[in-house]
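These notes concern the structure reproduced below.
Where a number appears in this text, it was derived from the coordinates with a stated rule and is not lab data. Since we're looking at a predicted model, the values are computed, not measured. Note that each Cβ is placed from the backbone with ideal geometry, even for glycine, and that neighbours are counted across all protein chains shown.
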Amino acid sequence: MRLCDFSILTFDTYGTLIDWETGIWDALQPLCARLADPPTREAALATFAQVESACQAATPDLLYADLLAATHRMLIRNWGGEPDEAESIRFGQSVGDWPAFADAAESLAYLKRHHRLITLTNCDRASYRGSSARLGDPWNAILTAEEIGSYEPSRANFEFLLARVAADFGGDPGSILHVAQSLFHDHVPAKAIGLTTAWIDRRAGRGGGATASPQEAVEPDFRFKSMAELVAQHRAERA
């Protein structure tokens, strides 16, 4: 199996292409600054992962900006802080400020010369615009939780992806390689629906972070530490 065998590459954005852990941590600094006993970065991200995934399961039709604001309110309660509605709203609107990984835009620009590129994201369209711009607006299609009505890891999101690929690009599951960092949000449901997957293991095998742990074992078909490493293998295949 080769990367070049696939005509369509589908991507998770946050954690894979956008450094959401840095973005989340930076956006939490106003809250942390006023806590008597602020959490460490790793502890804050782990709590965020638990709270965000619970919010997504409970309110699948909530726009991501509003869901992030709700997550922030719950973090305040968990950490014993004083409510600050304006601060929670600003946190919800921070997605566009989250930085891209250094290798992301260049890697996507290269891959776009050889494949159609689609992102399947838990974000809403308005919040995603800033992230797409940071990545060089490389997408042939942007599929958001806003239009699907549910959040990954829901199977419905991947069924929506397959339907759009078939309708818009004439592709079938065998033409798709799904590229993602999150085992929980992406690899478990993608493999369950029959997709081939590539794991961008940005945390280099370390658990935790802003992504919830998967409830079942999953084995991606490819594994890379970065997008740059994926591109290097792609170039080698074409040499």
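Listed values, structure above:
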| read-out | value |
| --- | --- |
| Extreme residue, positive dipole direction of the chain, given options P220, G170, A236 (C-beta unit charges) | A236 |
| Phi to ³J(HN,Hα) by Karplus 6.51 cos²θ - 1.76 cosθ + 1.60 over the stretch 227-239, Hz, x for Gly, Pro | 5, 4, 5, 4, 5, 4, 5, 4, 4, 5, 5, 8, 5 |
| Overall Cα dimensions of the stretch 55-108 - principal axes, largest extent first, Å | 41, 24, 17 |
| Calculated FRET efficiency for the pair A86/T22, C-beta based, R₀ 35 Å, to 0.05 | 0.95 |
| Computed lengthening from C4 to A192, 0.36 nm per intervening residue step minus Cα-Cα distance | 65.4 nm |
| Only Lys, Arg (+1) and Asp, Glu (-1) charged, at Cβ; the stretch 20-97 dipole about Cα centre in debye | 120 debye |
| Kirkwood-based Rg to Rh ratio, the stretch 20-97, C-alpha trace | 0.92 |
| Cα convex hull volume per residue for the stretch 103-175 (Å³) | 98 Å³ |
| Label-zone membership for the stretch 161-186, site E229, 7 angstrom Cα→C-beta point, backbone N under 16 Å | 179-183 |
| Quarter of the Cα convex hull surface for the stretch 83-137, i.e. its orientation-mean projected area (nm²) | 4.5 nm² |
| Inter-label distance for A217 and T59, nm, one decimal - labels placed 7 Å from Cα along Cα-to-Cβ | 3.7 nm |
| Cα centroid of the stretch 66-123 to Cα centroid of the stretch 1-49, whole Å | 7 Å |
| Cα-based radius of gyration of the stretch 1-65 once divided by 2.2 N^0.38 Å, which approximates compact folds | 1.53 |
| Karplus (6.51, -1.76, 1.60) ³J(HN,Hα), θ = phi - 60°, over the stretch 93-108, in Hz, Gly and Pro reported as x | 9, 8, 3, x, 8, 5, x, 7, 5, 4, 9, 6, 4, 5, 5, 5 |
| Scaled radius of gyration (Cα, divided by 2.2 N^0.38 Å) that the stretch 1-146 gives | 1.14 |
